[in-house]
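Chemist: Please read through the structure below; I'll follow up with questions.
The values are calculated or read from the model by the stated rules, or taken from the named source; none is laboratory data. This one's a predicted model, so the numbers in the text were calculated from it and none came from an experiment. All Cβ positions, even for glycine, are placed from backbone atoms using ideal geometry, and neighbour counts span all protein chains on display. With ligands, DNA and RNA removed, areas are computed over all heavy atoms of the protein, side chains included. Shrake-Rupley method; radii C 1.70, N 1.55, O 1.52, S 1.80 Å.
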Amino acid sequence: MRILSGVQSSGRLHLGNYYGAIRQFVHLQEEGEAYFFIANLHALTTVRDPKLAEEFTREAAMAYLALGLDPKKAVLFRQSDVREVLELYWILGTVVPHAHLERAHSFKDKVAKGISPDFGLFAYPVLMAADILLYSADFVPVGKDQIQHIEFARDWATKFNVTYVPGYDPQDPEGKEKGHAPGILKLPAARIQESTAVVPGVDGQKMSKSYGNTIDLFGDEKEIKKRIMGIKTDSTPVEAPKPTEDNALYQLLQVMLPPARFQEMDASWRAGGKGYGEYKKLLLEAYHDTFGPARKRYQELRNDPAELERILQDGAERARAEASRLMERVRRAVGIP
Ligand code: ADP
Ligand code: TRP
């Protein structure tokens, strides 16, 4: 079973990214043959500063490694290191109905958020489908917002196979019945990440890099402290029981503390007697307990860029071997020498 997923390197990673996505990826490497890549070509739709584009890509790779992705178990690579993906993107694009892209939610949502409606953003789902189909992935772990993209990938793979594979029957994509041929492009399935509660930011809205309310995973220690001590709280007096609804500090403690410690904390929270400042200190401690070791590994990788590059090159080589096999079949099928 092959599992594949990608993350766009479009900014610095924060607690929301960890609890909402990265943590699950790190578990998945135990479940099958895992391919994880940094979607730095996709990131170009929003990052227009070349230095930052490179930095975010490296930071994403270091973050994955520091947080537990093991390059011996999973294939970790940069999307742009396997140029075959751009070739498949074009060929696949020739069978993509324009109408599908016109009803893509992500395009509409991003344009509504102010991202420039360029061709690359419009064509984003085609590159994403190429990412998935190039490696014949069986499962693609993604958040709910990405389901439509996986459905597109299935539809377009089917259309490609129907167009170019003689004997392909969409009812029998693996060509199990006599007289049927298997497709060249394998149909992937989405694997929806069990829904993690939305992690709130320091202002109580959803934590997001676009809201400037993040607590970063690998940010400067002083800045992290400042952010945590600055979490917005109400004016409940020290002695009084604290409210649990709409309270970012409470929700963050719930996400970060080990269950037994959270229960202890919860009892005192509801009883009253401690001020918010004490709970913020507790959160800061929990942050360092949880991410201290990863932050240390991150620094080690940062100090050894050659080692990081070696890991990424090794991943790219393994990914490329797979990609070039598939592309040979695709080229032959469409008539490209
Ligand atoms: P941002 O909102 O900071 O731009 P992204 O959209 O790049 O974050 O999110 C990358 C991944 O992290 C997605 O899978 C998303 O579901 C997860 N994620 C981001 N923010 C949160 C959050 N506040 N709570 C839970 N998951 C989150
Ligand atoms: N679009 C995905 C996101 O924003 C990132 C991505 C790019 C991806 N290519 C992919 C995810 C292929 C899974 C498979 O989160």
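Chemist: Please give the number of the condition Ala74 fails out of (1) open to solvent by less than 20 Å² (accessible area, probe 1.4 Å); (2) within 29 Å of Tyr211 (Cα to Cα).
Modeler: If we test Ala74 against (1) open to solvent by less than 20 Å² (accessible area, probe 1.4 Å); (2) within 29 Å of Tyr211 (Cα to Cα), just (2) comes out false.
Chemist: Let me ask another. Only one of Pro188, Pro166 is out of contact with any helix residue (DSSP H, G or I) (no Cβ under 8 Å at 6 or more places or on another chain) and either open to solvent by less than 50 Å² (accessible area, probe 1.4 Å) or closer than 30 Å to Leu134 by Cβ (or both). Can you tell me which?
Modeler: Checking each option against the conditions leaves just Pro166.
Chemist: Moving on to the next point. Criterion first (more than 16 Å from Gln313 (Cα to Cα), at pLDDT 95 or above and not in a helix (DSSP H, G or I)) does Val75 satisfy it? Break it down into steps so the answer makes sense when it comes.
Modeler: Numbers: more than 16 Å from Gln313 (Cα to Cα): no; at pLDDT 95 or above: yes; not in a helix (DSSP H, G or I): yes.
So Val75 does not fit the description; no.
Chemist: Next question, about the same structure. List every residue pair whose Cβ atoms sit under 7 Å apart, with the two residues 6 or more apart in sequence or on different chains, where the first one lies in region 231-256 and is under 23 Å from Ala21 (Cα atoms) and the second, anywhere, is basic (Lys, Arg) and open to solvent by 50 Å² or more (accessible area, probe 1.4 Å).
Modeler: Every condition considered, the pairs that remain are Ala248/Lys232.
Chemist: Taking region 312-330 as the region of interest, how many residues are open to solvent by 20 Å² or more (accessible area, probe 1.4 Å) and either touching a residue at least 24 places away in the same chain (Cβ under 8 Å) or not assigned by TED's automatic domain parsing to the domain that holds Tyr135 (or both)? First the steps, then the outcome.
Modeler: We begin by selecting, within region 312-330, every residue open to solvent by 20 Å² or more (accessible area, probe 1.4 Å); these are 313-314, 317-318, 320-322, 324-325, 328-329.
Narrowing further to those that are either touching a residue at least 24 places away in the same chain (Cβ under 8 Å) or not assigned by TED's automatic domain parsing to the domain that holds Tyr135 (or both): 313-314, 318, 320, 322, 324, 329.
The total comes to 7.
Chemist: Does Ile231 satisfy the condition of being under 20 Å from Ala286 (Cβ atoms), modelled with pLDDT of 95 or more, part of a loop (DSSP other than H, G, I, E, B) and outside the structural domain of Met62 (by TED's automatic domain parsing)?
Modeler: Against the criterion (under 20 Å from Ala286 (Cβ atoms), modelled with pLDDT of 95 or more, part of a loop (DSSP other than H, G, I, E, B) and outside the structural domain of Met62 (by TED's automatic domain parsing)), Ile231 qualifies.
Chemist: Being of a type outside the set (A, V, I, L, M, F, W, C), buried (at least 16 other Cβ atoms within 10 Å of the Cβ) and more than 15 Å from ligand 1 (Cβ to nearest atom) is the filter here; which residues of region 101-128 pass it?
Modeler: Pro125
Chemist: Continuing with this model, one more query. Among the listed residues Val126, Val75, Val142, which satisfies the condition of being of a type in the set (Val, Ile, Thr), within 12 Å of ligand 2 (Cβ to nearest atom) and within 13 Å of Gly6 (Cα to Cα)?
Modeler: One residue alone meets the criteria, Val142.
Chemist: From (1) assigned to a helix (DSSP H, G or I); (2) over 25 Å from Leu4 (Cα atoms), pick out the condition that doesn't hold for Glu177.
Modeler: (1)
Chemist: If I ask for residues that are in a helix (DSSP H, G or I), under 19 Å from the mean Cα position of the chain (by Cα) and away from ligand 2 (no atom under 16 Å from the Cβ), which ones from region 183-224 would you list?
Modeler: Tyr211
Chemist: Filter region 1-28 down to residues that are in a loop (DSSP other than H, G, I, E, B) and within 24 Å of Val199 (Cα to Cα) and give me whichever is most open to solvent (accessible area, probe 1.4 Å).
Modeler: Ranking the candidates gives Arg12 first.
Chemist: Does region 129-141 include one or more residues that are away from ligand 1 (no atom under 16 Å from the Cβ) and in contact with a His (Cβ under 8 Å, 6 or more places away or on another chain)?
Modeler: The answer is yes; a qualifying residue exists.
Chemist: Write out, first by first residue and then by second, each pair whose Cβ atoms fall under 8 Å of each other, whose residues are 6+ apart or on separate chains, and whose first residue, in region 196-211, is surrounded by fewer than 15 Cβ atoms within 10 Å (Cβ to Cβ) while the second is of a type in the set (Gly, Ala, Ser).
Modeler: Asp203/Ala248; Lys206/Gly16; Tyr211/Gly201
Chemist: Counting just the residues of region 10-45 that are among the hydroxyl-bearing types (Ser, Thr, Tyr) and at pLDDT 95 or above, which one comes out farthest from ligand 1 (Cβ to nearest atom)?
Modeler: Only one residue fits best here, namely Tyr35.
Chemist: Related question: Hey, can you tell me all the residues within region 145-163 that are more than 16 Å from ligand 2 (Cβ to nearest atom) and open to solvent by less than 20 Å² (accessible area, probe 1.4 Å)?
Modeler: Phe160, Asn161 - these are the residues of region 145-163 that are more than 16 Å from ligand 2 (Cβ to nearest atom) and open to solvent by less than 20 Å² (accessible area, probe 1.4 Å).
Chemist: Here's something else I'd like to know. Between Lys222, Lys178, Lys226, Lys242, which is out of contact with any Cys (no Cβ under 6 Å at 6 or more places or on another chain) and surrounded by 14 or more Cβ atoms within 10 Å (Cβ to Cβ)?
Modeler: On inspection, the qualifying residue turns out to be Lys242.
Chemist: Being out of contact with any Leu (no Cβ under 6 Å at 6 or more places or on another chain) and either in contact (Cβ under 8 Å) with a residue 12 or more places away in the chain or aromatic (Phe, Trp, Tyr) (or both) narrows it down to one of Gly275, Gly292, so name that one.
Modeler: Residue meeting the stated conditions: Gly275.
Chemist: Considering only residues that are among the polar types (S, T, N, Q), more than 26 Å from Lys222 (Cα to Cα) and either in contact with a helix residue (DSSP H, G or I) (Cβ under 8 Å, 6 or more places away or on another chain) or surrounded by 12 or more Cβ atoms within 10 Å (Cβ to Cβ) (or both), which ones fall in region 252-310? Spell out how you get there, then give the answer.
Modeler: Within region 252-310, the first condition is being among the polar types (S, T, N, Q), and the residues that meet it are 254, 263, 268, 290, 299, 303.
Pick out the ones that are also more than 26 Å from Lys222 (Cα to Cα) and you get 263, 268.
Once the filter is applied, which keeps residues that are among the polar types (S, T, N, Q), more than 26 Å from Lys222 (Cα to Cα) and either in contact with a helix residue (DSSP H, G or I) (Cβ under 8 Å, 6 or more places away or on another chain) or surrounded by 12 or more Cβ atoms within 10 Å (Cβ to Cβ) (or both), region 252-310 yields only Ser268.
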